[in-house]
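See structure below.
The values are calculated or read from the model by the stated rules, or taken from the named source; none is laboratory data. Please read all numbers here as calculations on a predicted model, not as lab measurements. Note: ideal-geometry Cβ built from the backbone for every residue, glycine included; neighbour counts use all protein chains shown.
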Amino acid sequence: MSDQKIFIFDTTLRDGEQVPGCKLNTSEKVELALQLEELGVDIIEAGFPISSPGDFESVESISRIIKDATVCGLSRAVQKDIEVAAQALKYARRPRIHTGIGTSDFHIKSKFNSTREEILKRAVQCVKWARNFTDDVEFYAEDAGRTDNEYLAKVIEAVIKAGATTVNIPDTTGYCLPHQYGEKIAFLINNVSNIDKAVISCHCHNDLGLATANSIAGVLNGARQIECTINGLGERAGNTSLEEVVMIIKQHKQLGIYTDINAKGLNPISRLVSDTMRMPVQPNKAIVGSNAFSHSSGIHQDGFLKDAETYEIINPAEVGAEQSKIVLTARSGRSALAYRFQKLGFEYNRNDIDVLYDEFLKVADSKKEVKEEDLRELANQYESQTALASVA
Ligand code: KIV
Ligand code: ZN
């Protein structure tokens, strides 16, 4: 059987932009949308048009400029929202309306003061409204992660019948464990009679640090779309990180799935998003953090210098990152020290390094990282001592 494509739905410009301090203006959003298209994203969720005139303008501008990717606008299950989303998407070559409603009892009772029957009707109605404007309608069952599976299956079957072509199963609160989220997707596949007429999408939040694992569990159980953001940005603890799911799928070819993302663009777009949104990336972030390809302990450095694959499963060039770094700290070993001296043009033998290593440790214990200037200083001191010793 041939490999199955997983569609990448990027919501950096919508769920990601909801993060306090990450608000973007139209030209910033357009620039990021162009880069997302260049990266190979299949669907760009450009915004929530009814939320503000600025967001309407952004979705409209992105719709005009994007050529290949589908451009998506979010709406609630409200007729006016859907009409405004359709208007903002008017110029899109491939417009998608993303509409939906909360389906968990928390949402039904506390948010809507409603009943399961009433919510089911509203779900069907909003899909029908959206289908008046486009054939590409995605329905989200908000808080699907905490929605009873039997009821969720009923809603999903009804919205597909009403014309939804993608069904989004959000773990809105990041509550599910990977096996539970995977089982939820499997349950829908086995219990929704018309499920073959729609693509199932995973939209996972990271409140327990499981967004990536849950999305992968979803696709392993039959979902074919992952909703994610660059750098994992998003409400609260964030969304599934695009770079993580893409590289998991790429690294594990045996899963029989692939994406169309150009992995070399991952680090450049991560930096662009971080700079534009003024939101730093944590140094230990997988794939795109500044330490993702740094080695600092002696045991790791020695193994890495003998064969990079000993401690690296990804070549940094593959994801557009700078070369791997050997960082010198008080935990570093002699081979790393010799390597860093060599990089600066100092060729030392084993005896030289033994002497230099003791001096290096004194410096390393007094600071967090031994930098290039410290190494030059150590080399200068060592060379003047050896010169003096040879004169005497
Ligand atoms: O997390 C969520 O449920 C959402 C929906 C609006 C798709 O972002
Ligand atoms: Zn979300």
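Taking interchain pairs and intrachain pairs at least six residues apart, which have beta carbon atoms under 9 angstrom, with the first residue in the stretch 5-20 and surrounded by fewer than 19 Cβ atoms within 10 Å (Cβ to Cβ) and the second assigned to a helix (DSSP H, G or I) and at pLDDT 95 or above? These pairs meet every condition: VAL19/MET277. Within the stretch 172-184, not a single residue is in contact with a Cys (Cβ under 6 Å, 6 or more places away or on another chain), more than 14 Å from ligand 2 (Cβ to nearest atom) and not β-branched (Val, Ile, Thr).
Kindly evaluate VAL124 against the criterion of being closer than 23 Å to LEU89 by Cα, surrounded by fewer than 22 Cβ atoms within 10 Å (Cβ to Cβ) and either free of Cβ contacts under 8 Å to residues at least 60 places away in the same chain or not hydroxyl-bearing (Ser, Thr, Tyr) (or both). Answer is yes for this residue.
Pairs are defined by a Cβ separation below 6 Å, a sequence spacing of at least 6 or placement on different chains, a first member in the stretch 308-321 that is at pLDDT 95 or above, and a second member that is surrounded by 16 or more Cβ atoms within 10 Å (Cβ to Cβ) and among the β-branched types (Val, Ile, Thr); the pairs so defined are VAL319/ILE287. Contact map, the stretch 229-251: residues that are at negative phi and modelled with pLDDT under 95 paired with residues that are within 12 Å of ligand 1 (Cβ to nearest atom) and assigned to a helix (DSSP H, G or I), Cβ distance under 7 Å, separation 6+ or inter-chain. Pairs shown: GLU235/GLN18. Taken over the stretch 1-60, the criterion of being over 21 Å from VAL137 (Cβ atoms), within 16 Å of ligand 1 (Cβ to nearest atom), part of a helix (DSSP H, G or I) and touching a strand residue (DSSP E or B) at 6+ places or on another chain (Cβ under 9 Å) is satisfied by GLY16, GLU17. Return yes or no: is GLY102 closer than 23 Å to ILE160 by Cα and within 16 Å of ligand 2 (Cβ to nearest atom)? Taking the combined requirement at face value, the residue satisfies it. Counting only residues that are touching a Leu at 6+ places or on another chain (Cβ under 8 Å), more than 21 Å from VAL219 (Cβ to Cβ) and within 16 Å of ligand 2 (Cβ to nearest atom), the stretch 15-35 holds 3 of them. Taking the criterion of being small (Gly, Ala, Ser) and under 19 Å from PHE9 (Cβ atoms), the residues of the stretch 22-42 that qualify are ALA33, GLY40. Among the residues of the stretch 196-249, those identified as under 21 Å from PRO280 (Cβ atoms), within 12 Å of ligand 2 (Cβ to nearest atom) and among the charged types (D, E, K, R) are ASP207, GLU235, ARG236. For the subset of the stretch 216-270 comprising residues that are acidic (Asp, Glu) and more than 22 Å from ILE189 (Cα to Cα), which member is farthest from the chain's Cα centre (by Cα)? Ranking the qualifying residues of the stretch 216-270, first place goes to ASP260. Restrict the check to the stretch 260-278 and report whether at least one residue is within 16 Å of ligand 2 (Cβ to nearest atom), in contact (Cβ under 8 Å) with a residue 24 or more places away in the chain and under 24 Å from ASN315 (Cβ atoms). Within the stretch 260-278 (the criterion being within 16 Å of ligand 2 (Cβ to nearest atom), in contact (Cβ under 8 Å) with a residue 24 or more places away in the chain and under 24 Å from ASN315 (Cβ atoms)), the answer is no, since none of the residues qualifies.
Yes or no, residue by residue, for (1) closer than 29 Å to LEU36 by Cα; (2) aromatic (Phe, Trp, Tyr); (3) touching a Phe, Trp or Tyr at 6+ places or on another chain (Cβ under 7 Å):
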site: ARG64; (1), (2), (3): yes, no, yes
site: THR70; (1), (2), (3): yes, no, no
site: GLN79; (1), (2), (3): no, no, yes
site: ALA92; (1), (2), (3): yes, no, no
site: ILE108; (1), (2), (3): no, no, no
site: PHE112; (1), (2), (3): no, yes, no
site: ARG116; (1), (2), (3): no, no, yes
site: LYS121; (1), (2), (3): no, no, no
site: CYS126; (1), (2), (3): yes, no, no
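Taken as a whole, the condition of being away from ligand 1 (no atom under 16 Å from the Cβ), surrounded by 22 or more Cβ atoms within 10 Å (Cβ to Cβ) and modelled with pLDDT of 95 or more does not apply to VAL155. Taking the stretch 61-78 as the range and being over 23 Å from the mean Cα position of the chain (by Cα) and either crowded, with 20+ Cβ neighbours inside 10 Å or under 15 Å from PHE139 (Cβ atoms) (or both) as the test, the residues that pass are ARG76, ALA77, VAL78. Does SER51 satisfy being modelled with pLDDT of 95 or more and more than 16 Å from ligand 2 (Cβ to nearest atom)? It is false that SER51 is modelled with pLDDT of 95 or more and more than 16 Å from ligand 2 (Cβ to nearest atom).
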